Amino acid sequence: MRKGDPVHGWLILDKPAGRSSAWAVGQVRRLLGAAKAGHAGTLDPLATGVLPIALGEATKTVPFVQDGAKAYAFTVRWGESRDTLDAAGALTGTSEVRPTAAEIEAVLPRFIGRVQQTPPAYSALKVEGRRAYDLARAGKDPELAPRVVEIEALRLQAARAGEADFEVRCGKGTYVRVLAQDLAAALGGLGYVSALRRTRVGLFSAESAFSLASLAELVLTPAPKAYLLPVTAALADIPAIAVTGAEAKRLKTGQTIRVSQPGQGDVCAMTDGVPVAIATVQDGEARVLRVFNL
């Protein structure tokens, strides 16, 4: 049995550089004394920014956040390639190409819309039961199949002699490190991500994020837990339906209920303002997907 308090809700952390997402979750769990915690969308150790952390029953809503669009600010350094595709890796090649702002702008349209990417060897994807990064660190070259990702917007923010700053809005599964490498290749040279900051995950933005230092101070104050968002914060994009106490009991035991919700799709069943379950509606019936114990 897990030790800790039954803390339920979402906390948006501004992850510091140089630390893993798992480490950050552990720090938050310790500070809040929470029994259960997880995160929605891994950030590389190099990266900073929005790391949504689910506590307690909020962990049941993680998929709704992971599937949301993401936004990043990143810097590409031209003229070198690294094995990890970022500043943490070993040098693997050099080139003389230092693109101008006009040259960069000219290739950006190629990377907007549905774009094919090959995931990096240093990633958490599994290959025959092992993490790709474990294989890469062991000197093996994991075979990762190309896949199509969605890039909604890609903008050049600034261009300097040896690097350029960008902003990107993209869908699930997009690797910014690969985007940087592919951008450099389209410009005839090499490049890698030298800085990366995530500014948004789904409905959660950097404006609502707390640093570990500020969180450490806030948990010592007697004020209400302003840093904690409700479990339903991840479900704002799906309809909420009101159910009676009797219907709530049926849902909690896994039974279906009749609903007047038109159409079909996922809903959040609520009673007296408290989430009861996530259910999927089809043909006038709500079938339970996840039950909340709140």
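The values are calculated or read from the model by the stated rules, or taken from the named source; none is laboratory data. Just so it is clear, the structure is predicted and the values come from calculations on it, not from any experiment. Here the Cβ is made from the backbone with ideal geometry for all residues, glycine too, and neighbour counts use every protein chain on show.
The figures follow:
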read-out	value
Residue check, THR75 closer than 30 Å to ILE278 by Cα and buried (at least 16 other Cβ atoms within 10 Å of the Cβ)	no
Number of positions in segment 91-110 that are polar (S, T, N, Q), modelled with pLDDT of 95 or more and part of a strand (DSSP E or B)	1
Hits in segment 264-279 - residues which are loosely packed, with under 15 Cβ neighbours inside 10 Å and within 29 Å of the chain's Cα centre (by Cα)	GLN264, GLY265, GLY273, VAL274
Among residues of segment 14-44, those that are under 17 Å from ARG197 (Cα atoms), surrounded by 18 or more Cβ atoms within 10 Å (Cβ to Cβ) and not charged (D, E, K, R), counted	6
Tally of residues being free of Cβ contacts under 8 Å to residues at least 24 places away in the same chain and under 16 Å from PRO109 (Cα atoms) across segment 148-191	1
Positions within segment 200-247 being free of Cβ contacts under 8 Å to residues at least 60 places away in the same chain, crowded, with 16+ Cβ neighbours inside 10 Å and part of a loop (DSSP other than H, G, I, E, B), in sequence order	VAL243
Some residue of segment 243-259 being modelled with pLDDT of 90 or more and of a type in the set (Asp, Glu)	yes
Among (1) without any contact (Cβ under 8 Å) to a residue 40 or more places away in the chain; (2) out of contact with any strand residue (DSSP E or B) (no Cβ under 9 Å at 6 or more places or on another chain); (3) not β-branched (Val, Ile, Thr), the one test that GLN264 misses	(2)
Scope segment 175-199; condition aliphatic (A, V, I, L, M) and not in a loop (DSSP other than H, G, I, E, B); matching residues	VAL176, VAL178, LEU179, ALA180, LEU183, ALA184, ALA185, ALA186, VAL193, ALA195, LEU196
Output for segment 98-122, where each listed residue is under 19 Å from ALA159 (Cα atoms) and surrounded by fewer than 15 Cβ atoms within 10 Å (Cβ to Cβ)	THR100, ALA101, ALA102, GLU103, GLU105, ALA106, PRO109, ARG110
Given (1) closer than 26 Å to SER21 by Cα; (2) assigned to a loop (DSSP other than H, G, I, E, B); (3) hydroxyl-bearing (Ser, Thr, Tyr), number of the condition SER260 does not satisfy	(1)
Output for segment 33-53, where each listed residue is touching a helix residue (DSSP H, G or I) at 6+ places or on another chain (Cβ under 8 Å), modelled with pLDDT under 95 and on the phi < 0 side of the Ramachandran plot	ALA34, ALA35, LYS36, ALA37, GLY38, HIS39, ALA40, THR42, LEU43, ASP44
The one condition in (1) of a type outside the set (A, V, I, L, M); (2) surrounded by 19 or more Cβ atoms within 10 Å (Cβ to Cβ); (3) not assigned by TED's automatic domain parsing to the domain that holds ALA180 that LYS3 fails to fulfil	(2)
Pair list, Cβ under 8 Å, 6 or more apart: segment 65-77 residue within 12 Å of LEU196 (Cα to Cα) and not assigned by TED's automatic domain parsing to the domain that holds ALA180, other residue surrounded by fewer than 20 Cβ atoms within 10 Å (Cβ to Cβ) and at pLDDT below 90	none
